[in-house]
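Have a look at the structure below, then the notes.
The values are calculated or read from the model by the stated rules, or taken from the named source; none is laboratory data. This one's a predicted model, so the numbers in the text were calculated from it and none came from an experiment. Note that we place each Cβ from the backbone using ideal geometry, even for glycine, and neighbour counts take in every protein chain shown.
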Amino acid sequence: MSTTDVVIVGAGPTGLALGVDLARRGVDALVVEKADGLFPGSRGKGLQPRTMEVLEDLGVMDAIQAAGGTYPVGMVWKDGERVGEHVMLDPEEIKRAAGDSAFNVPWMVPQWRTQEILFDRLEELGGRVEFGREITGLDQDEEYVTLHCASGPDLRARYVVAADGGRSAVRRALGIGMTGETVDPNPVLVCDVRITGLDRDNWHVFPPNGDDGFLAICPLAGTEDFQLVAQFPQGTTVDTSLDAIRKVTAARSHLAPEDITEVRWASEFRPRAALADRFRSGHVFLAGDAAHVHSPAGGQGLNTSVQDAYNLGWKLGAVLRDGADPALLDTYEEERRPIAAQMLGVSTGVHRGEVQRGAATMQLGLGYRESSLSEDARPTADTDTDMDAEVRAGDRAPDTRVAGKRLFDAFRGPHWTLLAFGVDAPGLPESVRCVQGAAQLPYGKGLFLVRPDGYVGLAGDSADGIEEYLARFGLRR
C-alpha cells in the first residue's frame, strides 16, 4: 500500500485544479480517477471572471485564452427564419460588474479542454494522475485515511479530497447526505455534435413548439463542435443515439437529419440543486459536485468547484508544509459551504428566470467577511458607514497598479502578500512578499495581508497583530 500526503478522488476540473495547487506547493498528492481517461464532454463550458483569475494564478491562463472565446449572441429561429437576437449578457452591466478584474466577460472553453489544460499543467509540475482507479470504500483513524480500490493496491493518505462528482462514492462511504430540490422536472439532452449548414456566429435558439421543449445549439469556441441542448417533457426517457438526436433536431428546427454528421459525446440529466450536509468528515473533505450540485444555468457549478479547490489547496499546504495548526482546515467548510449555498440559489434563480446573468454570476463580489480568518483591526471598520467603499478583511483583494505594476502580478504564486499603503511595513517572514506604496483607493491607508487565494486576511492601520496572525499559518520570522 502506498502512502501520500493527499489523495484526490476525481480528475475533473476540481480535482485537477487542486492537484495543480498542491503540486506548486510541494505537497505530495495523487489524483485518482475511476474512468480510463479524462471526461470527454463540453458540459461545463463557461468560465466566470473570478475563476479566470484563479486559473491565471495556477499558470494556465495563456492556454485557456488560446483555447476559448467569448459567447456568441443568441439568434432566435421560427419556421426556418431568423426572428431576432437574444442577448443574455448586458455588455454595460458586465463591464461595471467586472470592476478592476482583467477578465470582464465569461469565457467559453469546453470542459474537456479545460481539463486537458489543467492535466498538462499538473504533469508539468510533477503531479500524478492514475486512471482506472475506482474507490469502493474507506477507513480512517486519527492519522490516516485508507482508500479501498476495485483494482490495484489500496491507498493511504493523511488527507483525502472527494472531487468525484454528484454521485460521489466517497461521500456515500462517509454517510454524508445531500439536501436539495428538483430545479426542473423536465429531462434535458446535452451533447457535442458536428453540424453542417449552421453558422458559428450565433448561439442558435429554437423556442418550444407545442409539446416539444426548447432546442439550443451553441458553437463551442476553439473547436469544430456544437453543444446541442434539448429539453423533453417530464417522464420522457431520453435517447442519446445519433438517430434520436437527428430526429429531435429535425423536428424542432429547419435542419435536416443528415446535417448532424457526428455525435462526439452525449448525456441526459435532470436539473437539480443539492448541498452536502457537511464538507468534512475527519481527514476527508468534499469539493466540487461531491459537495454541491447545480443547475447548469448561469455557469456556476464548475466555477464554484474550482474555487473550492483554490480555498482548500493553500490550507492543506499550510498544514502539511508550513506546520500550521490542523484546525485551520476547519475553515474550509466554514468559508465554502455558505458560498456554495449562495451560488446554488443563484444558479437555480437563473434557471427559473428570477436572477439575471451579470454581477451575480461573475463571482467577483464573493468573500469571507464572516470567516474566523478575517480580522479587521482598523478603528473605523465597524462604525464608519463609508467603509463598504473600501476593502475589508475577507474581501477579494482588488487589482490595481502600484508604482506602475499590477498587484495581481505580485499576488501570483503560493505565497502571502503584505500591502503597505501609506504605512511602514514591519519585518516579515521571507515567504511573505511585500508591496509598498502611497495610500490609494480602493484600499485606502493601512496594512493588508493578502492570503494565497487572493482574499484579505487581516487589515489594520499598524503592524500590531500581524506577527501573531501569520504564526497561525506556520509563518514566522
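Which of the residues belonging to the range 242-297 are among the hydroxyl-bearing types (Ser, Thr, Tyr) and part of a loop (DSSP other than H, G, I, E, B)? Lay out the reasoning, then the answer.
To start, the set of residues in the range 242-297 that are among the hydroxyl-bearing types (Ser, Thr, Tyr) comprises 249, 253, 261, 267, 281, 295.
The answer is Ser253, Ser295.
The residues listed here are Leu16, Leu38; of these, the one that is among the hydrophobic types (A, V, I, L, M, F, W, C) and in a loop (DSSP other than H, G, I, E, B) is Leu38.
Every condition in (1) surrounded by fewer than 19 Cβ atoms within 10 Å (Cβ to Cβ); (2) within 22 Å of Leu215 (Cβ to Cβ) holds for Lys45 except the one numbered (1). Thr361 meets the conditions (1) of a type in the set (S, T, N, Q); (2) at pLDDT below 90; (3) outside any helix (DSSP H, G or I) in every case but one. The failed one is (3). Comparison of Gly197, Gly213 shows that the only residue that is assigned to a loop (DSSP other than H, G, I, E, B) and free of Cβ contacts under 8 Å to residues at least 40 places away in the same chain is Gly213. Does the range 57-66 include one or more residues that are without any contact (Cβ under 8 Å) to a residue 40 or more places away in the chain, surrounded by fewer than 21 Cβ atoms within 10 Å (Cβ to Cβ) and under 20 Å from the mean Cα position of the chain (by Cα)? Within the range 57-66 (the criterion being without any contact (Cβ under 8 Å) to a residue 40 or more places away in the chain, surrounded by fewer than 21 Cβ atoms within 10 Å (Cβ to Cβ) and under 20 Å from the mean Cα position of the chain (by Cα)), the answer is yes, since at least one residue qualifies.
Filtered by the rule that a residue be crowded, with 22+ Cβ neighbours inside 10 Å, in a strand (DSSP E or B), within 28 Å of the chain's Cα centre (by Cα) and not aromatic (Phe, Trp, Tyr), the range 424-457 gives Leu449, Val450, Val456, Gly457. Using the structure shown, decide if Leu329 is out of contact with any strand residue (DSSP E or B) (no Cβ under 7 Å at 6 or more places or on another chain) and assigned to a helix (DSSP H, G or I). For Leu329, the condition - out of contact with any strand residue (DSSP E or B) (no Cβ under 7 Å at 6 or more places or on another chain) and assigned to a helix (DSSP H, G or I) - is met.
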